[in-house]
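First comes the structure, then the notes that go with it.
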Amino acid sequence: MSKRVVTLAHYYTTPEIQGMADKVGDSLELSLFARDAQADIIVFAGVRFMAETAKILNPQAEVILPDAGSTCSLVTQTDVNALRAWRERHTDYVHVSYINSSAEHKALSDWIVTSRNVDDIIAHLYAEGKKVIFSPDRNMGAYLNYQYGYDMPLWSAVCEVHDKFNEAALQAAFAEVEGPYSLIAHPESPLPVLKQAHYVGSTSGMLNWVKAYQGAVTAPIFVATEDGILFNMSQARPDLDLRQAPIYAGCQCNSCPYMKMNTIEAVRRAQAGEGTRIDYLSPEQMDAARLPIERMLEFSQRYYA
Ligand code: 13P
Ligand code: SF4
């Protein structure tokens, strides 16, 4: 009997890769889809922490990452032993971690969040009178502290793609526009950029914002996130003037090298059962990492159902 293969692709992959997928989405949507997939093989055209999350949520399936090099700077900048020591210095805190983290990192966390639900989960914890530490994304944590007046101690890693967005370059781009404009941004961007934004949210959140946009179609919309999703946005609203936010004056370009390792050949090979199998996590490691992820999924289902 032939194997059931399900292919998932993140919005940051190229249009061709998205076209090869059964489901395209943000981290939360892809995690839920992976958990519920009736599949023998899940090909994850994303990055390693996403494929690991899929394996943790659907351990029966064989999960394949098309290219072994598809990591994420938020993972590689976080030394798990140093993180453990940091966690031990904050024993009376709830440890909230962004899903862009290794399985070992997740196992040291009380809650996992994605950019879609981070605001609501942390608000919920503060409403219960808890104190929170946040890892690994320093920019996202700084934004939450600024936006809601929290004083969360932060781990200090960044997304090497979003961290390049630059306030001065943005101001220069805004100055060239006559009339109104908007900026939408992913919360992995630096705080001075996020402070200028009309909307801050996940990849799906930004896409939905663009779909629902009611302003003047001639007013430019600057998008501070990875370039892949510009394709989805311009498909949804070809009438709009969508521009990638600059990373330095005149340069509208910012691409995640790890997401772009998902080439057509690599995804085809993975669909044929070749590639990096996520088979190195022990049942104990997966159980420990699953707990904080399931807490998030349960919260999401309760609040966003
Ligand atoms: P989303 O959860 O918003 O899709 O973000 C994932 C990611 O890696 C952003 O850089
Ligand atoms: Fe990681 Fe940044 Fe690439 Fe997202 S865009 S996978 S956070 S390096």
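In loop segments of region 44-89 as defined by DSSP, the trypsin sites (Lys or Arg not before Pro) with at most 14 further C-beta atoms inside 10 Å of their C-beta are 89. The share of Cα pairs per 5 Å bin across region 195-251, counted from zero up to the longest distance, runs 4, 18, 33, 27, 14, 4 percent.
Taking a quarter of the surface of the convex hull around the Cα atoms of region 137-180, what do you get in nm²?
4.3
If you bin all the Cα-Cα distances of region 162-305 at 5 Å, starting from zero, the percentages per bin are 2, 8, 14, 15, 14, 14, 12, 10, 6, 3, 1, 0. State whether the chain is rounded, prolate or oblate according to the following rule on the C-alpha gyration tensor (a ≥ b ≥ c being the square roots of its eigenvalues): a/c under 1.5 gives rounded; otherwise a/b larger than b/c gives prolate, and the remaining case gives oblate. Oblate shape, in that a/c is at least 1.5 and b/c is the bigger or equal ratio.
Each 10 Å bin from zero up to the one holding the largest Cα-Cα distance in region 110-216 carries the following percent of pairs: 13, 43, 31, 11, 2. A prolate overall shape is assigned to region 12-55, the ratio a/c of its alpha-carbon gyration tensor axes (a ≥ b ≥ c) being 1.5 or greater and a/b exceeding b/c.
Using the Kirkwood radius over C-alpha pairs as Rh, can you work out the diffusion coefficient of region 12-112 via Stokes-Einstein at 10 °C, viscosity 1.306 mPa s, in µm² per second?
108
Anyone know which of 228, 19, 129 comes out most mobile in the 10 Å Cα GNM of the chain? In the Gaussian network model the winner is 129.
Going by the alpha-carbon gyration tensor, a ≥ b ≥ c the square roots of its eigenvalues, is region 53-118 rounded (a/c under 1.5) or, if a/c is not under 1.5, prolate (a/b greater than b/c) versus oblate?
Values: a/c = 2.02, a/b = 1.61, b/c = 1.26.
Prolate.
Only lysine pairs 8 or more places apart or on separate chains count here, and in the chain those with Cα atoms under 22 Å apart total 11. Of interest is the spacing of the C-alpha centroids, which for region 4-46 and region 78-130 amounts to 25 Å.
Considering only 128, 52, 274, the mean-square fluctuation computed in a Gaussian network model of the chain, springs between alpha carbons under 10 angstrom, is largest for 128.
Averaged over its residues, region 162-223 has an accessible area of 42 Å² per residue, based on protein heavy atoms and a 1.4 Å probe. Over region 57-167, Cα pairs under 8 Å with separation of 6+ residues give a relative contact order of 26 percent.
Of the accessible area of the chain, computed with a 1.4 Å probe over protein heavy atoms only, carbon and sulfur atoms account for 49 percent. Heavy-atom accessible surface of region 23-97, averaged per residue, reaches 35 Å², computed with a 1.4 Å probe. Coordinate range of the alpha-carbon atoms in region 222-305 per principal axis, descending: 49, 39, 26 Å.
The values are calculated or read from the model by the stated rules, or taken from the named source; none is laboratory data. No experiment lies behind these values; they were computed from the predicted model shown. Virtual Cβ from ideal backbone geometry, glycine too; neighbours counted across all protein chains shown. The accessibility values were calculated without ligands, DNA or RNA, using every heavy atom of the protein model including side chains. Shrake-Rupley method; radii C 1.70, N 1.55, O 1.52, S 1.80 Å.
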